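Structure first, commentary second.
The values are calculated or read from the model by the stated rules, or taken from the named source; none is laboratory data. In this text the structure is predicted, and so the values were computed from the model without any measurement. Note that we place each Cβ from the backbone using ideal geometry, even for glycine, and neighbour counts take in every protein chain shown.
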């Protein structure tokens with residue numbers, strides 16, 4: 001129901017804040033569309049955003065290895081739309097894939113623009129990934145077969161990203177070039193649209209996902225649990241338990257007198273009887289190191305016929 005305030009309304013607010021008499025502003029009723037697809041909570045949308053950011057990171061590595069090219073993947077948007085609005089944003093010819101969501105009922109939609117498909121096909125066939133923006137045609141049956149490995153990589157990483165929420169088997173049901181050929185949902189049905197930009201070399205395109213809001217609602221509680229797990233802060237009891245687990249940990253401890261640096265030439269030329277001069281006094285404290293990190297200052301002493309280290313000062317660094 002977002003709308004812009006009129007200048008009259010803005011002036012009325014400022015006059016009221018200054019103590020003056022506000023102008024009479026006529027209240028206006030704003031029509032609300034109850035078919036508006038706001039079925040997913042903001043926390044669940046945020047969880048979807050984080051989940052697909054993980055998917056984008058994994059996909060950039062997987063496609064980079066497969067195509068042997070620089071690949072960058074970024075999540076651009078996560079929003080709720082009507083299915084008809086999502087289809088209206090797709091310009092054929094393109095590559096549209098319907099996906100089953102087993103064990104859940106329903107079908108998702110994945111679109112990959114031709115500006116991305118044709119450079120990838122060129123790389124698969126041994127080319128250099130020529131610009132696909134100039135090619136405005138449908139992909140052939142042979143090209144669909146060549147894209148089988150690409151789809152398998154994408155769906156494998158997508159399934160891995162969703163594993164923390166629910167085990168979903170994304171499986172290809174059909175591949176079309178015109179989205180109108182895939183009537184999987186009613187135009188008024190709500191979907192969550194995820195826009196992902198993929199850049200392969202100098203070419204870029206979009207991978208768009210449309211997941212029915214009803215399916216996300218079915219596993220909504222798991223989304224909330226994942227989001228709360230990310231936001232939860234450590235309690236005192238949890239910190240104490242973690243400290244108890246760390247207490248038996250072992251560290252390498254050694255005392256060092258930090259002196260000047262020495263060149264390899266001088267080290268190789270050193271002989272028995274040579275004297276190395278340190279730029280420090282004989283009363284200077286030594287550093288006591290744990291795993292290479294200086295923690296205390298003190299001096300070497302003796303205790304019960306053993307060498308020991310007497311701590312004189314503690315440093316501020318944490319272990």
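Worth pointing out:
- Test: residue in the range 52-70 that is farther than 28 Å from residue 201 by Cβ and modelled with pLDDT of 85 or more: no
- The set of residues in the range 187-219 being part of a loop (DSSP other than H, G, I, E, B) and out of contact with any strand residue (DSSP E or B) (no Cβ under 9 Å at 6 or more places or on another chain) consists of 202, 219.
- Any chance residue 200 is in contact (Cβ under 8 Å) with a residue 40 or more places away in the chain, buried (at least 16 other Cβ atoms within 10 Å of the Cβ), more than 24 Å from residue 82 (Cβ to Cβ) and in the same structural domain as residue 105 (by TED's automatic domain parsing): yes
- Scanning the range 78-91 for residues that are under 19 Å from residue 198 (Cβ atoms) and touching a helix residue (DSSP H, G or I) at 6+ places or on another chain (Cβ under 9 Å), we see that the one that is surrounded by the most Cβ atoms within 10 Å (Cβ to Cβ) is 86.
- Qualifying positions in the range 152-172 - free of Cβ contacts under 8 Å to residues at least 60 places away in the same chain and touching a strand residue (DSSP E or B) at 6+ places or on another chain (Cβ under 6 Å): 155, 159
- Residue 294 being on the phi < 0 side of the Ramachandran plot, without any contact (Cβ under 8 Å) to a residue 60 or more places away in the chain and touching a strand residue (DSSP E or B) at 6+ places or on another chain (Cβ under 9 Å): yes
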